[in-house]
Structures are given as C-alpha cells and as structure tokens.
Amino acid sequence: MSVTMLAAGLVLGAAAYPRVGSIETMIQSRWSDWRSVAVTVTVPAAGHGAAQAARFVAADRPAPLVVDLHQWGETYAGSLGNDVRLDRLVAARGWNYIRPNLAGPNNTPAACCSEGVTDAVKAAVDYAIAHGRVDRRAIYVVGISGGAYTALCTLHSGKVPVRRYIAWVPIADLESWYDHHAFDHYGQDIRQCTASSGKGLDVAAARRRSPLYMPLPAQIPAVHLYHGIRDGMVTSVSPDQSVTWFNRVALATGHDTDIVSDATRLSILDRRVGPDQATGRSVAGRRIHFDRRAGTVQLTLFEGDHEGFMVPTMDELARDYRTLGAAPSSLPDRVLDAAEKGTDRLRRALDAL
C-alpha cells in the first residue's frame, strides 16, 4: 500500500469513526511511528548556562521549532506526553524539535529557573536555528509540570523570541508548592535548589525562582495554561498554581474583569468543578470545567489530574502556524491537517444532534 493511499484511509477513517479523540490520537501516533526521532547533540555553553546535551530533530525545509522542556526531576532523555510522545508528533509533521538538558533535574542551585537555565533554553533555540531549518516566526515552547514551570520562567526572562507557550499543569510559586511538599522529595528538591539551611525554606530565594514573583516582560506572547482540575488531591500540583499566575498576569495587563473570582476559585479547589462544565467542550476527550482568556493568556481547566496531552498541543500549534499563512510543510503534515479538519466537522455534526 502506498503512503498516499494509507494517508487517505486514515483521513476517511477519522471522518467516519465516532470516537473522535481516539482517531486523532491513532492518526498522529501512526505517522509518528514511521518517522525517525531525535538524535543526541551537544549544545555549547552560552551566558550563564553550561554546555548541555539535547535531543534534536532538524526539518528538511523551513518549519516551526518546538522546544520540549523536561519535567521537574528528568533530563533531556525522553519526551512529553500522556497520550503520544511530543518528539514523534513533531517529527511526523516535519518540524524542528529540541529537548535540552538545561541543568538537569531541579534539585541544585544551578537548576530551578536560575539564570543559567534560561540562558540554556536560549542556547538550545540558537542551536536549533543554526543546525535546523527554523521558521523564526514560529518558535514554540511546550512543558508539563516542571517543564511548564521552566517555560513560564523563560517567558519572564524575555530572552527567547517565542510565539506561543503551552504549559500543562505548571508550577508558578515554589513557596506555596513547598507548603504542600515540605516532607517529601519535592520539598527536599526545593530546599536544595534554594540552598536553604536546615529543614526550613529560604522564602526569598524561592520567590526569586518563582514565575509568580518575576517581573513581566514588556510584551507577553500567547500562553495557554492547561490544568487538571483534580490535580493536587493525590498528584502533585494544585490547579491554583495556574489560576494564581493567570490572575497576576490579567491584573498586570489591564484585564481586571477577566480574573478568576474568589468564589470560582473556591468551587474549583473545594468541589473540583468549574462554571463551564455543562458546555460539552473537551480537550483530549476530557470535559472542560473552565476556560478563560485575558489578553494573550488562556487558562483551561479540564477533568483530570497531573497530566499533559500532546495531540491537542500539536493541533493547537498547527492551527496557530496556519494563521501565519504557512502551507503544511510535508505530506504527513498535510494528512494530519486534513484529519484534523475531518474530525472538527464530525464534532460539529455531533454537537448539532
């Protein structure tokens, strides 16, 4: 069977199959299985950042760059995604991809959003531009949990010309996060990051390393925060981390009417429901409880806990890239776009029933 015939079959299947989310994931993962994934490279030291390993995929024609920031206790080895690995999805579209090591796990003063970490993110982007074929209009940063924390720190640093950040279940305030984890390994990591003495926390040091307290850049690019509304009950990061950062940015940018009210926050944290739960909207097959915009920043709380989904992430980035007037860069890219349009039509038809 030819690639074209198989692509057509996948698109037709997407248009006909009732489990829309499952079909989208199947199409993305099938394409990703057929493409080679990242190779390990060395990114030179730059600024306060040390030389670092990274996993890298170079596009064969001008295309976006996706920067995959590793989770709290992880390294450049691996990739994001509770559904399909991000590196495979990016490679399937024929885009550029890099996952830098930065300063490794977040348990030393060199890590945890130090200046060396944000310099290392910039160095990784510079490496991808020099060795890939990057459309500089479309540099995207994606993170889950600790990677989303690093993404927000990168935004605040203003060092990297990022078009859009997608942050799943981010940590925004190390001080309040520490209050929930003082006696587990995350608490120990935070004490080590902040060089805190004894068993207490150096609060000033924690705040210096927290996006919630960092100065905002003059221009805030598009940011989409996703958070499972049940996170923090058993898993590690409360959705209030995202809500608090969203409110801080909304107030700072003159979008006072868009903040999440205290009553809504109480409902989210106490009852784990939001005012949009009856709309029928979903992400990755999960019901959306709350969805709000404040300027360039969007907050989406979904039915779930501490997790991040890369199929909707890549769909969002592909839609954004099309707004730049860019044509799909490869046959897989064109097939995935067609599949996305087919499933969108199916969703609208089902919603109309």
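The values are calculated or read from the model by the stated rules, or taken from the named source; none is laboratory data. Here the structure is a predicted model, which is why all the values come from computation and not from measurement. Using ideal geometry, Cβ is built from the backbone for each residue, glycine included, and neighbour counts are taken over all protein chains shown. Just so you know, the surface numbers come from the protein's heavy atoms only, side chains and all, with ligands and any DNA or RNA stripped out. Shrake-Rupley method; radii C 1.70, N 1.55, O 1.52, S 1.80 Å.
Could you calculate the FRET efficiency of Ala130 with Asn82 from 1/(1 + (r/R0)^6), where r is the beta carbon distance between them and R0 is 25 Å, rounded to 0.05? Taking R0 as 25 Å, the efficiency between Ala130 and Asn82 is 0.20.
Amide H contacts of Phe290 (H built 1.01 Å from N, in plane; Pro and chain starts excluded): Asp276, Leu301 sit under 5 Å, all sequence-distant by 5 or more or on other chains. Between the amide H of Gly228 and those of Val169, Phe302, Glu307, distances stay under 5 Å, these residues lying 5 or more places away or on another chain, with hydrogens modeled in the peptide plane. Taking label points 7 Å from Cα along the Cα-to-Cβ direction, Leu216 and Arg293 give a separation of 1.7 nm. Percent of Cα-Cα pairs more than 20 Å apart in segment 65-138, please. So the pairs more than 20 Å apart make up 33 percent of the total in segment 65-138. By the compact-protein rule of thumb, 2.2 N^0.38 Å, the alpha-carbon radius of gyration of segment 246-308 corresponds to a ratio of 1.14. With each label modelled as a point 7 angstrom along the Cα→C-beta vector, the Leu269-Thr108 pair spans 3.5 nm. In this view, the solvent-accessible surface of Trp177, computed with a 1.4 Å probe and all protein chains in place, comes to about 10 Å². Counting other Cβ atoms within 10 Å, which trypsin sites (Lys or Arg not before Pro) in segment 126-172 have at most 15 and lie in a DSSP loop? Taking segment 126-172 and a limit of 15 other Cβ atoms within 10 Å, no loop trypsin sites (Lys or Arg not before Pro) are found. Annotation: the antiparallel percentage among DSSP beta bridges lying fully within segment 128-262 is about 0.
Computed from phi, the 3J(HN,Hα) profile of segment 91-99 under the Karplus parametrisation 6.51, -1.76, 1.60 (θ = phi - 60°) reads 4, 4, 8, x, 9, 7, 8, 8, 10 Hz, with x in place of Gly and Pro.
Straightening the chain between Ala45 and Ser176 buys 43.9 nm, computed as 0.36 nm per residue apart minus the Cα-Cα spacing. Taking every protein chain into account, the 1.4 Å probe leaves Glu74 with about 80 Å² of accessible area, to the nearest ten.
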